[in-house]
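Comments concern the structure below.
The values are calculated or read from the model by the stated rules, or taken from the named source; none is laboratory data. Everything quoted here is computed from the prediction, not taken from an experiment. Don't worry about glycine lacking a Cβ; one is built from the backbone with ideal geometry, like all the others, and counts go over all protein chains shown. Ligands, DNA and RNA are stripped out before the accessible areas are found, and what is left, the full protein with its side chains, is counted by its heavy atoms. Shrake-Rupley method; radii C 1.70, N 1.55, O 1.52, S 1.80 Å.
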Amino acid sequence: MRTATALVKEEERYGLDITALDRSGEPATGYVDFYRYGDQFVSSLPIDPATGTVPTQRLQPGTYSATAFLDVAGSQGPGSTGIALVGDPQVVVTDKDQSVVLDARDADELTLKTPKDSDVAYRRFQFFNDSGIGGLYATFGATYAVPVDVDSIYAEATGLVDSAEFDFAVRWRATEPALDVTARSSRPLAFDPVYQLGSSRLDGRVSLRTVAAGKGTSADYEDVDAKGRAVLVTRDDAVTAEEREAAAQAAGAALLIVVNDRPGPLVDFVTQEDLPVVSVRSTQGEKLVAAAAKGKVTLEGKAVEFPNYLYDISKSWPGEIPAELALAPTTRQLATVESRYNDTQERLAVDDRADCRDYQWPPCLSVRALQPTATDRTDYVSTYDGVTWYENVDHESTWEQRGVRQAYEPRSTTVRNWFAPVTAPRTGDGYWGPRHSGDWFAVNVPDSSGAAGITGGFPWGETPVTSRLFQGDTLVRESISHAVQTAVPVAEGPQTYRFEIDTDAAGDAHRYSTSTRTSWTFVADQADPVPSGEVGTPLPLLQLDYDVDTALDGTVRAGAEVPFAVVPYTVPGAERAGSVKAATLEVSYDGGSTWTAVKLRKDGDRWETRLRIPARGADLVSLRATARDDGGNTVTQKVVSAFGVKR
């Protein structure tokens, strides 16, 4: 009898042992994100819940990342939940076995304290590491958007990471408290309600007597007068959220308070749109139920459906995750952004402010929230190094406006006027700009832009838009969007081109800028060089901005003398842009039937005047403006119903 044997010599490899421990030092559960820099794929290594270990990794020499977001206990008492980022993003395997301990005991809690009272609405923490090996897949990072039912977030200090670049970052949004309410009995009772996901919200003064209705079934309301009152019910597996809410609605409750039947937070989706629903932890709820059973609990305070102020805080720690992660920015360290959501009636928009870093993908990570129009809000924004901000707003009518990516200075104040007059075609950072490369011309001017760098428009086909590109007086191409991209006839030397945009309102969704007509004459040479790293040479389309202070409904006072400015500017970096030499303005108070010239006074880059608004007979102001520079570039623009007049 013979037995065949074979030997395989293992290529050079070394062992890596990984152990994960929770906040108490016990074995953790979950997965380790394991990555070899230079590879395309990430491995998720399961942690053995009995030992906190993963199978020994036999590794070739190289650079690796071993990190995890572990489920751990939170800092808010029994049942509190937390997430801890632990691990080593730069494990260098050379010539020996190694071990890594992912120890949540060494993790520090990330906290935020704001100058004014606030509720946390959003949290995200993340890291990025450039291993320094070069080439494709040399970097690795992870981002964790924290669920609302997680109380605490932690990160383990790394010490200085020995890599080409490392960054740890956090993003917070904290808003004016939605329910600033006190529970009163014979003495104040602890009351920290949490709105359930998708719940409607109270707004205004709150004064509610509170009653208890058992587990919240219909039968539990038989002897309970719940009409117009706050109702306390205790969660039970036998009663669904839909049953609880339907019973409370049928009884006429003004607010449903669900007491968790176990330690920790309760966050669930509501099943209807009309009844406000909040939850409280069991430790608070049991005392509230006991007091309500004696008929002695009232809720007093105020509620806001939408916050009047908020804090957007984002900070990077380059080089390491430090041992101290508490943030407490002062008023002197923050910037103020006065956000005005102009409209002729209160509607809804989606407001978005994103924190931006070059290594992120996408570079700007959004936090979005519903925001009523015809209102304003005060935002306090962090000014830490390494972070810029980008904002945009989507109106319910499908009108989108985009801001600029920028950093803010401490103690600065910026007014951001969304959907404000004067709306007209205008370029800016929010959209790619007009450019050409040889005989290929791509001319793009967003058709519903605002002032101070705000650009915007409607989705393709939503509103009547026509744009045209001419070479000399010859039409090259026409489009039904705000952009034309086409080859033009080959020509040598500087040539004169013309770009036109006509816009008209689709229906009566918006009162202002119901019609615009804009024409740009500009000079370009197909031999103009393309700047390094760019896809084309910017075209010198002379732009018109306007500065007029209107109310939130877009009006000025009848009979008032209103400061007004025309602000011409050119596309940044345009090869053949000149200096602005002249600007003109005409106004009409009858929809453009008759026009009156207005004398302008130059002050820096502004051409200023004061408009004498008629005391009667005028409801809307229309504008017709021009500008020219010394490079042969001109613009003419007519805006019908640019802004309104209020008597």
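The residues of region 175-326 expose, per residue, 47 Å² of accessible area to a 1.4 Å probe. For region 114-175, what class follows from the C-alpha gyration tensor (a ≥ b ≥ c being the square roots of its eigenvalues): rounded when a/c is under 1.5, otherwise prolate if a/b is larger than b/c, else oblate? The shape class here is prolate. Using 0.36 nm per residue and subtracting the Cα-Cα separation, the extra length available between Asp203 and Thr271 on full extension is 22.4 nm. Helical runs (DSSP H, four residues minimum) scored at -39500 (n - 2.57) apiece and divided by the length of the chain put the mean residue ellipticity at 222 nm at -1000 deg cm²/dmol. Given a cut-off of under 8 Å on Cα pairs at least six residues apart, what relative contact order in percent is computed for the chain? Relative CO of the chain lands at 8 percent.
Under the convention that each Lys and Arg Cβ holds +1 and each Asp and Glu Cβ holds -1, the size of the dipole of the chain around its Cα centre is about 2020 debye.
For the chain, the longest principal axis of the Cα atoms and the long axis of helix 241-250 meet at an angle of about 70 degrees.
Quick one: which of 185-191, 494-500, 83-89 comes out on top by average Cβ neighbours within 10 Å, and what's the full order, highest first? Write out the running numbers ahead of the final one.
Details: 185-191: 13.9, 494-500: 18.4, 83-89: 25.7.
Order by mean packing, descending: 83-89, 494-500, 185-191.
Would you mind pulling out the separation of the Cα centroids of region 528-542 and region 580-605, in Å? Cα centres, region 528-542 to region 580-605: 31 Å.
Amide H contacts for Thr570 (H built 1.01 Å from N in the peptide plane; partners 5 or more residues away or on another chain; cut-off under 5 Å): Gln543. Accessible surface area normalised per residue over region 28-84 is 45 Å², counting heavy atoms of protein chains with a 1.4 Å rolling probe.
At 25 °C and 0.890 mPa s, grab the translational diffusion coefficient of region 233-372 from Stokes-Einstein with a Kirkwood Rh over Cα pairs, rounded to a whole number in µm² per second. In µm²/s, the coefficient is 124. Could you give me D for region 314-409, from Stokes-Einstein at 10 °C and 1.306 mPa s, where the hydrodynamic radius is the Kirkwood radius over C-alpha pairs? Units µm² s⁻¹, please. Value of D from the Cα-based Kirkwood radius: 106 µm²/s. The Rg/Rh ratio of region 23-112, with Rg taken over Cα atoms and Rh as the Kirkwood radius over Cα pairs, comes to 1.01. For the chain, the longest principal axis of the alpha carbon atoms and the long axis of helix 282-293 meet at an angle near 90°. Compared with the alpha-carbon gap, the fully stretched path from Lys96 to Arg368 is longer by 93.1 nm at 0.36 nm per residue.
Computing the accessible area with a 1.4 Å probe over protein heavy atoms, can you report the carbon and sulfur percentage for region 164-223? Roughly 42 percent, rounded to a whole number.
Protein chains only, probe 1.4 Å: how do Asp167, Asp162 rank by accessible area, largest first?
Highest to lowest solvent-accessible surface, that is Asp162, Asp167.
Is the shape of region 306-357 rounded, prolate or oblate, going by the alpha carbon gyration tensor and its root eigenvalues a ≥ b ≥ c, with a/c under 1.5 for rounded and a/b larger than b/c for prolate? It is prolate, given that a/c is not under 1.5 and a/b is the larger ratio.
Expressed as a whole percent, the accessible surface of region 493-604 that belongs to carbon and sulfur atoms is 48, based on a 1.4 Å probe. The label point for Thr283 and the one for Ala250, both projected 7 Å from the Cα toward the Cβ, are 3.6 nm apart.
Computed from the C-beta positions of Asp223 and Asp376, the FRET efficiency with R₀ = 56 Å rounds to 0.75. For a modelled paramagnetic label at Ser412, 7 Å from Cα along Cα-to-Cβ, the residues of region 353-373 in reach, with backbone nitrogen under 17 Å, are 354-357. Accessible area per residue for region 539-647 is 45 Å², calculated with a 1.4 Å probe on protein heavy atoms, without ligands, DNA or RNA. Say R0 is 45 Å: what FRET efficiency, to the nearest 0.05, do Ala145 and Glu586 get from their beta-carbon distance? E(calc), rounded to 0.05, equals 0.30. Taken over the chain, the ratio of Cα radius of gyration to 2.2 N^0.38 Å equals 1.20. Going down the table (Lys113/Lys296; Lys113/Lys287; Lys302/Lys646; Lys215/Lys296; Lys599/Lys638), which pairs top 23 Å between alpha carbons? Long pairs (Cα-Cα over 23 Å): Lys113/Lys296; Lys113/Lys287; Lys302/Lys646. Just check region 200-285 against the gyration tensor rule for me: Cα atoms, a ≥ b ≥ c as the square roots of the eigenvalues, rounded for a/c under 1.5, and otherwise prolate or oblate depending on whether a/b exceeds b/c. Judged from the Cα gyration tensor, region 200-285 comes out rounded (a/c under 1.5). Computed from the C-beta positions of Arg332 and Asp162 and an R0 of 25 Å, the FRET efficiency is 0.10 to the nearest 0.05. Averaged over residues, the count of other Cβ atoms within 10 Å places the peptides 22-30, 535-543, 205-213 in the sequence 535-543, 205-213, 22-30, highest first. If you average the C-alpha positions of region 285-302 and of region 61-126 separately, how far apart do those two centres end up, in angstrom? About 39 Å separates the Cα centre of region 285-302 from the one of region 61-126. Using a probe radius of 1.4 angstrom, the carbon and sulfur fraction of the accessible surface of region 276-368 is 52%.
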